[in-house]
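Undergrad: Structure incoming, see below.
The values are calculated or read from the model by the stated rules, or taken from the named source; none is laboratory data. The structure presented is a predicted model; accordingly, all values stated were derived computationally and were not measured. Note that we place each Cβ from the backbone using ideal geometry, even for glycine, and neighbour counts take in every protein chain shown. Note: areas computed on protein heavy atoms with side chains; ligands, DNA, RNA excluded. Shrake-Rupley method; radii C 1.70, N 1.55, O 1.52, S 1.80 Å.
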Amino acid sequence: MRYLVGFVLALALVGAVRLIGCGETEGPMGGNGGEAGAGGTAGAGGTGGVGGDGGTAGDGGVGGDDDPIADLVDKIRTEVDPAFVYAYEQTKFVPPAGKTLLIVGQTLEDINEYTADFPDEPTAGGWAAYWGIPSTDGLATTAVSEYGYSQNHQELVVRFPNTVLQSGLWMVGMWGVAKDTANGVYDDVIREFSTWAKTINCPIYLRIGYEFDGPHNQLEPEEYKEAYKRFVDITREEGVNNVAFVWHSYAAPPYKGYALGSWYPGDDYVDWVAVSLFGHMYGPDPGLYGDAVFDFAKTHKKPVMVAESSPIYGIFDGDVRSWNTWFVNYFSLAYERNIKAISFINTDWRQYPPVAPLDWQDARLQNNETVAEAWFMETAKDRYLKQSPQLFEQLGFGP
């Protein structure tokens, strides 16, 4: 169970820096707070190049003098930067032009609360979950952390048909985990994951060694690349074709100052590029390191996913500052940078003891009815892909 403990401890380390605007440091910035699970999800080789995105002209204003919720939504800037509308290559399960896949997470408890508190709202298009390379716990069975938080990918598939999985695979440099993965110690786990993945009829967006460049993960680039590629190679050998491989950056000062590209396993091994956005979005842009990830994705012609995101300084009852200072910037960036998937962590960060020193707060939408209504008014737009019998077709996925 060492990887479960290590996964939770990483939360405290990941919060050391918050990026504002063009890279000014100011207080804590986010990690994820998921659980480590087991097994892995494998995918087949990427599809060939796909056509350009085409962008979108924006959704236009919805506000009015007598609709304060619409007025909040109208603060979102919907212009698309044409520099981030480009043809994708070697990728899969990308939403059509002008569309963004909506994902919510990150534990079973978080998801249960979200769906119970908003029963009449549209269901998200996907759900985020976690597991770890040492075993397949958390895939077809429930993995519970020492703090009582649960992961079970299979349960999400059964409960929410016509949605996708966004799966975070815990793999770090500590304890020789990445080195062991590269050397074949966990080959049986990868094959067990492959067997499981082939039994579920939905796309899986798999983040191998998520936040690979974070100091909290201590991943040496060469070890990480070898481990990543071994995972992909085995899943391809096993004939898995419902997994998109996601290369997920921490978007903050990197481990040992290594260049971002030093962790890149190559275009043939990466379907999506992903980024974490926590404290970043209290400013108007994702900062120096966030911008570098978007530029890297553009150079390599990969779609971008926001794989983890949360207004870590809280959503409070009777106070819409979280909307004005975080959500407006967050959604505006999704338009501007033509982001193809966003994954929102709807959680109370105070429940994770390791992040207590960082003063992260309760960031659940259900804390503030006004903020929640604005969230659902924005995400109700056709732009956001949600649970639907047509979702898989829209993503280019077929059994």
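Undergrad: Can you tell me which residues in region 98-128 are assigned to a loop (DSSP other than H, G, I, E, B) and buried (at least 16 other Cβ atoms within 10 Å of the Cβ)?
TA: Within region 98-128, Gly98, Lys99, Gln106, Thr107, Phe118, Glu121, Thr123, Gly125 qualify.
Undergrad: Does Asn217 satisfy being buried (at least 21 other Cβ atoms within 10 Å of the Cβ), under 21 Å from the mean Cα position of the chain (by Cα) and farther than 23 Å from Asn338 by Cβ?
TA: Yes.
Undergrad: Test of understanding: among Asp285, Asp295, which residue is out of contact with any strand residue (DSSP E or B) (no Cβ under 7 Å at 6 or more places or on another chain), without any contact (Cβ under 8 Å) to a residue 40 or more places away in the chain and of a type in the set (Asp, Glu)?
TA: When all the criteria are applied, what remains is Asp295.
Undergrad: Any idea which of (1) part of a loop (DSSP other than H, G, I, E, B); (2) small (Gly, Ala, Ser); (3) open to solvent by less than 10 Å² (accessible area, probe 1.4 Å) is the one Gly239 doesn't satisfy?
TA: Every condition holds for Gly239 apart from (3).
Undergrad: Got a sec? Which of Pro286, Pro354 is more than 19 Å from the chain's Cα centre (by Cα) and open to solvent by less than 50 Å² (accessible area, probe 1.4 Å)?
TA: Step by step, each of Pro286, Pro354 is checked, and only Pro354 is more than 19 Å from the chain's Cα centre (by Cα) and open to solvent by less than 50 Å² (accessible area, probe 1.4 Å).
Undergrad: Follow-up. If you go through region 201-231 one residue at a time, how many are in contact with a Pro (Cβ under 6 Å, 6 or more places away or on another chain) and assigned to a loop (DSSP other than H, G, I, E, B)?
TA: 2
Undergrad: Within region 145-200, take every residue that is touching a Pro at 6+ places or on another chain (Cβ under 8 Å) and in a loop (DSSP other than H, G, I, E, B) and give me the one that is surrounded by the most Cβ atoms within 10 Å (Cβ to Cβ).
TA: Checked region 145-200; the qualifying residue surrounded by the most Cβ atoms within 10 Å (Cβ to Cβ) is Tyr186.
Undergrad: Suppose the filter is open to solvent by 10 Å² or more (accessible area, probe 1.4 Å), out of contact with any His (no Cβ under 7 Å at 6 or more places or on another chain) and of a type outside the set (A, V, I, L, M); does Lys340 pass it?
TA: No, not satisfied.
Undergrad: Go over the candidates Arg337, Arg383 one by one and state the one that is among the charged types (D, E, K, R), closer than 24 Å to Ala87 by Cβ and in contact with a helix residue (DSSP H, G or I) (Cβ under 7 Å, 6 or more places away or on another chain).
TA: The unique qualifying residue is Arg337.
Undergrad: Are any residues in region 90-114 more than 20 Å from Gly398 (Cα to Cα) and polar (S, T, N, Q), and if so, which ones?
TA: Correct list: Gln106, Thr107, Asn112.
Undergrad: Is there a residue being of a type in the set (Lys, Arg), under 30 Å from Tyr289 (Cα atoms) and touching a helix residue (DSSP H, G or I) at 6+ places or on another chain (Cβ under 9 Å) anywhere in region 185-203?
TA: Checked region 185-203: no residue is of a type in the set (Lys, Arg), under 30 Å from Tyr289 (Cα atoms) and touching a helix residue (DSSP H, G or I) at 6+ places or on another chain (Cβ under 9 Å).
Undergrad: Answer with yes or no whether Asp362 is modelled with pLDDT of 95 or more, charged (D, E, K, R) and open to solvent by less than 30 Å² (accessible area, probe 1.4 Å).
TA: yes
Undergrad: Would you check if Ser309 is hydroxyl-bearing (Ser, Thr, Tyr) and closer than 30 Å to Glu393 by Cβ?
TA: Taking the combined requirement at face value, the residue satisfies it.
Undergrad: While we're on this one: Filter region 129-144 down to residues that are in a loop (DSSP other than H, G, I, E, B), in contact with a strand residue (DSSP E or B) (Cβ under 8 Å, 6 or more places away or on another chain) and open to solvent by 10 Å² or more (accessible area, probe 1.4 Å) and give me whichever is farthest from Thr163 (Cα to Cα).
TA: Filtering first and then ranking leaves Asp137.
Undergrad: Any idea which of Gly138, Gly168, Gly125 is farther than 21 Å from Phe397 by Cα and small (Gly, Ala, Ser)?
TA: Residue meeting the stated conditions: Gly138.
Undergrad: Working only within region 227-244, note down all residues that are in contact with a helix residue (DSSP H, G or I) (Cβ under 6 Å, 6 or more places away or on another chain) and among the hydroxyl-bearing types (Ser, Thr, Tyr).
TA: Result: Thr235, single match.
Undergrad: Specify which of the listed residues (Asp267, Asp233) is without any contact (Cβ under 8 Å) to a residue 12 or more places away in the chain and open to solvent by 10 Å² or more (accessible area, probe 1.4 Å).
TA: Answer to the selection: Asp233.
Undergrad: Kindly indicate whether any position in region 378-390 is open to solvent by less than 10 Å² (accessible area, probe 1.4 Å), of a type in the set (Val, Ile, Thr) and out of contact with any Leu (no Cβ under 6 Å at 6 or more places or on another chain).
TA: No, region 378-390 contains no residue that is open to solvent by less than 10 Å² (accessible area, probe 1.4 Å), of a type in the set (Val, Ile, Thr) and out of contact with any Leu (no Cβ under 6 Å at 6 or more places or on another chain).
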